[in-house]
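In what follows, a single structure is set out as structure tokens and then discussed.
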Amino acid sequence: MDLFQMPISNLSGVSNARLMYFQKLGIFSVGDLLYFFPKSYENRMNQKYIAELSDEETATVTVRILEVSSRRVRQNLTLISVMAEDETGSLKLTFFNQKYLINSLKAGQEITVFGKVSRRIGYFEMTNPSIQKSTKGGNFSENYIPKYPLTKGLTQGVVQKAVADALTVAKEHIGETLSMDIRKKYHLCELLYALQNIHFPTGEQELSAAKKRLAFEELFYLMLGLGKLKLQQKKVAGPKLVNYKIAEEFADKLPFPLTDAQKRVTREICNDFKQGYQMNRLVQGDVGSGKTMVAAMAMLICAKSGYQAVLMAPTEILARQHYEGLKPYFDEFGISVELLVSSMKKKEKTAVQTGLQSGEISLVIGTHALIYDTVEFQKLGLVITDEQHRFGVKARSRLTEKGENPHCLVMTATPIPRTLALIIYGDLDVSVIDELPKGRIPIKTKIANENQRGLVYEFVAKELSQGNQAFVVCPLIEESDALDAENAIRVQEELQKTYLKDYRIGLLHGKMKADEKDDVMNRFVTGDYDVLVSTTVVEVGVNVPNATVMVIENAERFGLASLHQLRGRVGRGQKKSYCFLNLADQKARKRLEIMEKTTDGFQISEFDLKHRGPGEFFGTRQHGLPSTKLSNLTYSMETVRLAKEAAEAILLEDAELILPQNKQIAQGVKKMFDRHSYVSQL
Ligand code: ADP
Ligand code: MG
């Protein structure tokens, strides 16, 4: 029986009155409810004596009641106060609106309570704790309680009861969604067992077995669906590019040796080039890992093979930097390269467009200006988008439409955790530059309170006095360029009058014209300015090796991924670099502490994912992926890898999923991708 077809109104625990609240959570069928996983568990096993408690801690305590009193505060508000103690101290319990307790709580009685404690003078207090049935600890399931995401009209108790009912139904009617072979091979428990234990775990191990199985199942179907798409894409013919030697010659001209990771990724690209099929490859590499050089080599190979290539960057500053950095090398090979950005004069733009159309210009580097219809190519073989998370998929496809199935290379400094990149970019092949160039000294990061702000800028002044440069970044205040600009102007004025009065401070914000911005940026790059105060326009890609300090004002307003990107603007040269996160709101300190601990962007994004939840990464609107339940499961990279392997093995034999033994799998994939844009392609 298909439990996804059985309405939850069949369950005794779901009254008609509550139906709509469940539906609000996306739960219509018994199947939906079974796959509605807890967002966390309440662990009541933290048994403590009162003297061992600390402020704000959540714990279980067994106490003896000394005195119970009740009073009506307002018409609808009754308050019960209980004074209690154990051998080590006193605990006050306060219950709001639980009048019925007055009859069950008596002086002299021993009770076990669970809740969050607050330290008061001479005693601890718990507000609305839960009271345990037995004082003897109970078994695992009694002490490990599922907590579901709720909506108004539902309580944990109601959802727990409904889930328990659903599990009873499942016992009789549930099927298995993974074949015996796969379960054996990957050591996965049965579906029913997994569902029982994800909701009401009987032990730690049972819970992790359940999570493993359910994560695997979901990833497996996701990988199958995406893998199928990818196989279909593979069949698109693309230009054959085989002149690799030029990449080696290019590498020989560089002032530094390529890292092993750069070489490996370049090889992966070359390997795609020679297949005669269109390449769709994502290159992930942390800030400063040297993605530009990899892009440059791909462009050269393309040009040498008689095709044109385009590199699109999200900002004009970045496009210019790429252009100016690469042109001298390309010139040495006699390969023509031009810049195309909106701020150029009409005549200049037209000249570039004409050259691209005739094929006279081989390579072009630019911004969004490249996607306009007026830009045509004679023979486009390669499209590269830098910092791809800044572009929509649309921009990318508008570029590729300008050629006949050109190869696509997408570069990102990955705000996306490694574990998720595989999933989100399942239709792309992924290369990872997982190594920074040698000799980089890790950036030292410090979170500063408001009263340490002076010290921070004194430190900045000291660095400047040694001939180094500094960035000061001011946050987005609102979705308004004007207000952001104002804030940056204010900070610049303040610094110029106070801590940094002896230094030249440039200002960069979104309200400035493109050529003004470029002018300021260039002056900073060439050392005319010692300090650059800016809004987040510097976030992406800009390279100033002489900058050794980055101060981020109101750091609490940034996400970790942005902070990491910003910080990546320093530490690009041989000198020790520093990053200060100035906080106006101390509450953010905890969230930002990871920045002090690591400079590894992957670790930071994993941390972000864990703490902020994967909603952002899995937002169906953003990535066009089917929504999944994975959000509530923690799973390891290993599980992702195994699920991918299992899916690939099946697709290898039956890419279309049409063999009879794969019928159930095909249905599973379809179900997952149902009501979704991908479905038309499956
Ligand atoms: P990102 O991956 O963030 O785009 P870039 O391509 O801008 O990084 O490279 C950052 C800096 O490192 C640049 O100054 C670049 O010239 C330099 N670089 C690139 N590859 C190497 C290498 N193998 N060894 C030393 N420096 C390198
Ligand atoms: Mg870059």
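The values are calculated or read from the model by the stated rules, or taken from the named source; none is laboratory data. As the structure is a computational prediction, the values presented were derived from the model and not from experiment. No Cβ is skipped: glycine too gets one built from the backbone with ideal geometry, and neighbour counts run over all protein chains shown. Accessible surface is based on the protein model in full, side chains and every heavy atom, while ligands, DNA and RNA are left aside. Shrake-Rupley method; radii C 1.70, N 1.55, O 1.52, S 1.80 Å.
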**Q.** Criterion: in contact with a Ser or Thr (Cβ under 8 Å, 6 or more places away or on another chain) and not charged (D, E, K, R) - qualifying residue of 247, 210
**A.** 247
**Q.** Number of the condition not met by residue 74 [criteria: (1) free of Cβ contacts under 8 Å to residues at least 60 places away in the same chain; (2) surrounded by 15 or more Cβ atoms within 10 Å (Cβ to Cβ)]
**A.** (2)
Q. What is the one condition in (1) open to solvent by 10 Å² or more (accessible area, probe 1.4 Å); (2) within 16 Å of ligand 1 (Cβ to nearest atom); (3) at pLDDT 95 or above; (4) in contact with a Leu (Cβ under 9 Å, 6 or more places away or on another chain) that residue 330 does not satisfy?
A. (1)
Q.
When you scan region 132-139, do you find a residue that is buried (at least 17 other Cβ atoms within 10 Å of the Cβ) and either modelled with pLDDT of 90 or more or under 34 Å from the mean Cα position of the chain (by Cα) (or both), even just one?
A. no
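Could you check region 353-387 and list, in sequence order, the residues that are of a type in the set (Phe, Trp, Tyr), out of contact with any strand residue (DSSP E or B) (no Cβ under 6 Å at 6 or more places or on another chain) and within 19 Å of residue 409 (Cβ to Cβ)?
Our first condition is that a residue be of a type in the set (Phe, Trp, Tyr); within region 353-387, this holds for 372, 377.
Imposing the further condition that a residue be out of contact with any strand residue (DSSP E or B) (no Cβ under 6 Å at 6 or more places or on another chain) reduces the set to 372.
None - no residue of region 353-387 is of a type in the set (Phe, Trp, Tyr), out of contact with any strand residue (DSSP E or B) (no Cβ under 6 Å at 6 or more places or on another chain) and within 19 Å of residue 409 (Cβ to Cβ), so the list stays empty.
So for region 386-409 (the condition being assigned to a helix (DSSP H, G or I), more than 20 Å from residue 599 (Cβ to Cβ) and either at pLDDT 90 or above or within 16 Å of ligand 2 (Cβ to nearest atom) (or both)), does at least one residue qualify? Outline the logic, then answer.
From region 386-409, those assigned to a helix (DSSP H, G or I) are 388-390, 393-400; that's our starting set.
This time we only want the ones that are more than 20 Å from residue 599 (Cβ to Cβ), so: 388, 390, 393-400.
Filter again for either at pLDDT 90 or above or within 16 Å of ligand 2 (Cβ to nearest atom) (or both), leaving 388, 390.
Yes - at least one qualifying residue is present in region 386-409.
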Q. Is one or more of the residues making up region 311-319 within 16 Å of ligand 1 (Cβ to nearest atom), crowded, with 16+ Cβ neighbours inside 10 Å, in contact (Cβ under 8 Å) with a residue 24 or more places away in the chain and over 25 Å from residue 518 (Cα atoms)?
A. no
Q) Given the structure, is residue 534 open to solvent by less than 10 Å² (accessible area, probe 1.4 Å) and among the hydroxyl-bearing types (Ser, Thr, Tyr)? A) yes
Q. Do you know which of the residues in region 291-329 that are of a type in the set (Gly, Ala, Ser) and within 10 Å of ligand 2 (Cβ to nearest atom) is nearest to residue 525 (Cα to Cα)?
A. 313
Q | Residues of region 51-109 that turn out to be among the charged types (D, E, K, R) and within 16 Å of residue 126 (Cβ to Cβ), as a count | A | 9
Q: Kindly indicate the residue of region 80-114 that is in a strand (DSSP E or B) and charged (D, E, K, R) and also least open to solvent (accessible area, probe 1.4 Å) among those meeting that condition.
A: 86
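Does residue 119 fit the bill of being farther than 30 Å from residue 201 by Cα, surrounded by fewer than 16 Cβ atoms within 10 Å (Cβ to Cβ) and in contact (Cβ under 8 Å) with a residue 60 or more places away in the chain?
Working: farther than 30 Å from residue 201 by Cα: yes; surrounded by fewer than 16 Cβ atoms within 10 Å (Cβ to Cβ): yes; in contact (Cβ under 8 Å) with a residue 60 or more places away in the chain: yes.
When the stated conditions are applied, residue 119 passes them.
Within the bounds of region 379-391, is there any residue that is over 19 Å from residue 281 (Cβ atoms) and out of contact with any Asp or Glu (no Cβ under 8 Å at 6 or more places or on another chain)?
Narrowing region 379-391 to residues over 19 Å from residue 281 (Cβ atoms): 379.
If we keep only those that are out of contact with any Asp or Glu (no Cβ under 8 Å at 6 or more places or on another chain) too, we end up with 379.
Yes, region 379-391 contains at least one residue that is over 19 Å from residue 281 (Cβ atoms) and out of contact with any Asp or Glu (no Cβ under 8 Å at 6 or more places or on another chain).
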Q. Going through region 528-576 one residue at a time, which ones are charged (D, E, K, R), within 12 Å of ligand 1 (Cβ to nearest atom) and either at pLDDT below 80 or closer than 23 Å to residue 498 by Cβ (or both)?
A. 539, 572
**Q.** Filter pass, residue 375 being in a strand (DSSP E or B) and more than 16 Å from ligand 1 (Cβ to nearest atom)
**A.** no
Q: Scan region 168-182 for residues that are among the charged types (D, E, K, R) and in a loop (DSSP other than H, G, I, E, B) and jot them down.
A: 176
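Of the residues 147, 184, which is modelled with pLDDT of 95 or more and among the charged types (D, E, K, R)? I'd like the intermediate steps shown before the answer.
Values: 147 fails: modelled with pLDDT of 95 or more.
The unique qualifying residue is 184.
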Q | For residue 201: the one exception among (1) free of Cβ contacts under 8 Å to residues at least 60 places away in the same chain; (2) crowded, with 22+ Cβ neighbours inside 10 Å; (3) in contact with a Ser or Thr (Cβ under 7 Å, 6 or more places away or on another chain) | A | (1)
**Q.** Among (1) assigned to a loop (DSSP other than H, G, I, E, B); (2) touching a helix residue (DSSP H, G or I) at 6+ places or on another chain (Cβ under 6 Å) - the single one residue 70 does not satisfy
**A.** (1)
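Only one residue in 154, 167, 178 is buried (at least 17 other Cβ atoms within 10 Å of the Cβ) and free of Cβ contacts under 8 Å to residues at least 60 places away in the same chain, so which one is that? Quick ask: steps written out before the conclusion?
Details: 154 fails: free of Cβ contacts under 8 Å to residues at least 60 places away in the same chain; 167 fails: free of Cβ contacts under 8 Å to residues at least 60 places away in the same chain.
Every option except 178 fails the conditions.
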Q) Could you count how many residues in region 139-150 are touching a Lys or Arg at 6+ places or on another chain (Cβ under 8 Å) and within 16 Å of residue 32 (Cα to Cα)? A) 2
(Q) Can you find, within region 258-279, the residue that is surrounded by the fewest Cβ atoms within 10 Å (Cβ to Cβ) among those that are out of contact with any helix residue (DSSP H, G or I) (no Cβ under 6 Å at 6 or more places or on another chain) and in contact (Cβ under 8 Å) with a residue 40 or more places away in the chain? (A) 260
Q. Any idea which of 125, 142 is in a helix (DSSP H, G or I) and closer than 22 Å to residue 49 by Cβ?
A. 142
